Amino acid sequence: LHLVERLAPTNKPVLIEGESGTGKELVARAIHAGSDLRDKPLVVINCAALPESLLESELFGHEKGAFTGAVAAKPGLFEMADGGTLFVDEFGELAGGLQAKLLRVLEDGVIRRIGSVKERRVQVRLIAATNRHLATEVAEGRFREDLFYRVNVLGIQLPPLRDRGQDVLLLARHFLGAGWNLS
């Protein structure tokens, strides 16, 4: 929590790594809540929940007629998060093509909706979370090194709950109620 307090006011990209269930989204929400962007949108997307083609449309938006079923223009999550924070959960699941497009946004703040020639400027703080060890993914050629370093400006490694004995007691007290003595 002390690290979260130090990272929150910076508005720089953050990479949160840890096993499933370690509280990565809670940490991301705490970073946003402690930042100057707390009154701006916090937009959340889970990369593992969507196929690549839909994920691109969700992140960048699309224009009417860009593909079958695109009956109207739709802003993407980057536009919705403009001025605020975009939390990209399961970041390690991004396919190579989307990694390149995301890198461009982080480098120059420009997005282009699918089917559009118009570029749009956005100012978004990115918080990414993954249960993968991205340095290993980079070394093994499964993740772009330049994107890894662009996002891993500030990093948090969350240990698994089995290594956080004191936290287990706090959680047990929370879920069982204040009437129980677990000391």
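Applying a threshold of 8 Å to beta carbon distances and a minimum spacing of six or more residues, or different chains, the list of pairs starting in the range 121-148 at a residue that is in contact (Cβ under 8 Å) with a residue 24 or more places away in the chain and ending at one that is open to solvent by 90 Å² or more (accessible area, probe 1.4 Å) reads Arg125/Lys12. Tallying residues that are touching a Lys or Arg at 6+ places or on another chain (Cβ under 9 Å), open to solvent by 30 Å² or more (accessible area, probe 1.4 Å) and part of a strand (DSSP E or B) within the range 146-160 yields 1. Looking at the range 1-117, none of the helices (runs of 4 or more DSSP H) lying wholly inside it contains 3 or more residues that are at positive phi and in contact (Cβ under 8 Å) with a residue 40 or more places away in the chain.
For Arg125, are the conditions met, namely being under 23 Å from Lys40 (Cα atoms) and surrounded by 15 or more Cβ atoms within 10 Å (Cβ to Cβ)? So that I can check it myself, show each step before the final result.
Working: under 23 Å from Lys40 (Cα atoms): yes; surrounded by 15 or more Cβ atoms within 10 Å (Cβ to Cβ): yes.
It is true that Arg125 is under 23 Å from Lys40 (Cα atoms) and surrounded by 15 or more Cβ atoms within 10 Å (Cβ to Cβ).
Restricting attention to the range 20-43, the residues that are surrounded by 13 or more Cβ atoms within 10 Å (Cβ to Cβ), in contact with a Pro (Cβ under 9 Å, 6 or more places away or on another chain) and not small (Gly, Ala, Ser) total 1.
Taking the numbered list (1) more than 22 Å from Leu42 (Cβ to Cβ); (2) open to solvent by 40 Å² or more (accessible area, probe 1.4 Å); (3) of a type in the set (A, V, I, L, M, F, W, C) in turn, Phe143 passes all entries but (2).
For the range 82-101, indicate whether the set of residues that are more than 15 Å from Leu147 (Cβ to Cβ) and surrounded by fewer than 16 Cβ atoms within 10 Å (Cβ to Cβ) is non-empty. Yes, because at least one residue in the range 82-101 is more than 15 Å from Leu147 (Cβ to Cβ) and surrounded by fewer than 16 Cβ atoms within 10 Å (Cβ to Cβ).
Please tell me if His174 is modelled with pLDDT under 90, open to solvent by 80 Å² or more (accessible area, probe 1.4 Å) and farther than 23 Å from Thr10 by Cβ. Give the derivation first.
Working: modelled with pLDDT under 90: yes; open to solvent by 80 Å² or more (accessible area, probe 1.4 Å): yes; farther than 23 Å from Thr10 by Cβ: yes.
Spelling it out, His174 is indeed modelled with pLDDT under 90, open to solvent by 80 Å² or more (accessible area, probe 1.4 Å) and farther than 23 Å from Thr10 by Cβ.
Scanning the range 54-65 for residues that are of a type in the set (A, V, I, L, M) and open to solvent by 40 Å² or more (accessible area, probe 1.4 Å) gives a single hit, Leu54. Residue-level check: of (1) open to solvent by less than 30 Å² (accessible area, probe 1.4 Å); (2) under 27 Å from Pro9 (Cβ atoms); (3) among the acidic types (Asp, Glu), Glu137 misses just (2). Leu169 meets the conditions (1) farther than 14 Å from Phe91 by Cβ; (2) touching a residue at least 24 places away in the same chain (Cβ under 8 Å); (3) hydrophobic (A, V, I, L, M, F, W, C) in every case but one. The failed one is (2).
One residue alone among Leu54, Leu42, Leu59 is aliphatic (A, V, I, L, M) and within 19 Å of Val110 (Cβ to Cβ), and that residue is Leu59.
The values are calculated or read from the model by the stated rules, or taken from the named source; none is laboratory data. Because the structure is a prediction, the values reported are computed rather than measured. Cβ: placed from backbone, ideal geometry, glycine included. Neighbour counts: every protein chain shown. Just so you know, the surface numbers come from the protein's heavy atoms only, side chains and all, with ligands and any DNA or RNA stripped out. Shrake-Rupley method; radii C 1.70, N 1.55, O 1.52, S 1.80 Å.
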